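Report on the structure given below.
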Amino acid sequence: MKLVAGLGNPGVRYAFTRHNVGFWVLDVLERRGWVSLNRYMHRALCGRGRIDSKEVFFARPITYMNRSGEALVPLLRYLGLGAGDLLVVYDDVALPTGRLRLRGKGSAGGHKGIASIIGSLGTDEFSRLRIGVGPLPPGMDLPDFVLSKFSDRERREMGEVVEEAAGAVELFVTAGLMEAMNRYNAPT
C-alpha cells in the first residue's frame, strides 16, 4: 500500500492559490473514482481506495502547509507504512509553471511543507511529485506569491497540468517511481 498526500491549505480563502495544487490533484483522483476523501483522521481528510489492483490511502492534511508533517507521520504509523511508501504532491516555485518533476528523495528546497515532513519523519527519503508554479516574479515575496490566486487563464492551464499530475500519481502507484519518472519528468 502507498500513502499519497496532496499538500495545501484548508479553507476557501486558499482554494485557488498556487500553494493548493496538491489538493487539486487529489480532487482529480476523487473525480476519477479512485477514492472518496470522507474520513477525518490524524488532522487530515482521508480515504482508502484502489488504483487498478493497488491499494492506496489518500490524505489531504488540514494542518496548513507549514505543519504537514504533523498529519502525515501519524498516518504512516497508523497504516504501518514507512517513508518509502509515501508520495507527496505539492507546488514548487523553482519549476516553471506546468512542469512536473518526480523524485525519490531530496531536500526541502525551501518548501516549508516539505521541511515539516522531513523534520517530522527524520528523513528526506520519500517520493514527491513537484508541480511547477514558478518562477517567483521579481520583487514579490515568496509567501505572497504562493498564496496568490491564479489568473483565469493560468487556472485553465493548470487544470490540464493537474490532470497530467493525477496520471503521474496513478502510474506511480501501479508501476512504481522509476516508470513514472521516465514518463512524466520532462528533460531539462
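Things to note:
- Matching entry among N20, N66 (being polar (S, T, N, Q) and either farther than 24 Å from A180 by Cα or surrounded by fewer than 16 Cβ atoms within 10 Å (Cβ to Cβ) (or both)): N66
- Test: residue in the stretch 129-149 that is basic (K, R) and out of contact with any Phe, Trp or Tyr (no Cβ under 7 Å at 6 or more places or on another chain): no
- Every residue from the stretch 19-68 that is in contact with a Ser or Thr (Cβ under 7 Å, 6 or more places away or on another chain) and at pLDDT 95 or above: E30, R43, G47, I51, K54, P61, N66, R67, S68
- Per the listing V73, V56, the residue uniquely of a type in the set (V, I, T) and in a helix (DSSP H, G or I) is V73.
- Reported count of residues in the stretch 170-187, each being among the aliphatic types (A, V, I, L, M) and either outside any helix (DSSP H, G or I) or free of Cβ contacts under 8 Å to residues at least 60 places away in the same chain (or both), is 4.
- Those residues of the stretch 95-127 which are of a type in the set (A, V, I, L, M), assigned to a helix (DSSP H, G or I) and either more than 14 Å from the chain's Cα centre (by Cα) or closer than 16 Å to N185 by Cβ (or both), in sequence order: I118, L121
- Taken over the stretch 121-137, the criterion of being in contact with a Lys or Arg (Cβ under 9 Å, 6 or more places away or on another chain) and touching a residue at least 40 places away in the same chain (Cβ under 8 Å) is satisfied by T123, E125, F126, S127, R128, L129, R130, I131, G132, V133, G134.
- Per the conditions (1) charged (D, E, K, R); (2) in a strand (DSSP E or B); (3) within 30 Å of R156 (Cα to Cα), the sole criterion not satisfied by E30 is (2).
- Members of the stretch 10-27 found to be without any contact (Cβ under 8 Å) to a residue 60 or more places away in the chain and part of a loop (DSSP other than H, G, I, E, B), listed by number: P10, G11, A15
The values are calculated or read from the model by the stated rules, or taken from the named source; none is laboratory data. Quick caveat: nothing in here was measured; it's all calculated off a predicted structure. Ideal geometry is used to build each Cβ from the backbone, glycine not excepted, and the neighbour counts take in all protein chains shown.
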